[in-house]
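The numbers here are math on the coordinates, done by the rules we state, and not lab data. Fair warning: this is a prediction, and the values are worked out from it, not measured in the lab. In this analysis, Cβ positions are derived from the backbone assuming ideal geometry, glycine residues included, and neighbour counts consider all displayed protein chains.
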Amino acid sequence: MKNVKCQISNIKCQGGQALVTLLVFTIVAITITSAAVIIIFTNSIGTSKLEQGTNAYYSAESGAENALLRLLRDPNYTGETLAVDNANVVISVDNTGGTYTITSDATLDNFSKSVEVTATFANNIFTITSWKEVFL
């Protein structure tokens, strides 16, 4: 008698298979969604760190440019500490026989970037001979 009922009404014979199938698909969907959220979160953090490093580099460049302008106005300029945006920039100038070495160190959060510029000043002509990022 039971077989006749199962053939007439298939739903009663399955007895929970739909629930198990639903649970499997739900677990798979949650796993995929969680993985996507973790990837997006990791990429967001990486992008933020890249931007902070880039901003620190640009702050160091700003310090070097500031030092060049100051040297044009005052050849005895030796450096200073500046606040550029949220970065702290320390500028130092070393003068050896008309060759100036400008070092600009910028610190922003946990990032430090340094730019070194070498320039000469002769016959009222200021010439930049080298401009490079220095890795600490």
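Look at L22, L82 and count the other Cβ atoms within 10 Å of each Cβ; fewest to most, that gives L22, L82.
Look at L23, L108 and count the other Cβ atoms within 10 Å of each Cβ; fewest to most, that gives L23, L108. Here the sum of -39500 (n - 2.57) over DSSP H runs of 4 or more residues, divided by the residues of the chain, equals -18000 deg cm²/dmol at 222 nm, to the nearest 500.
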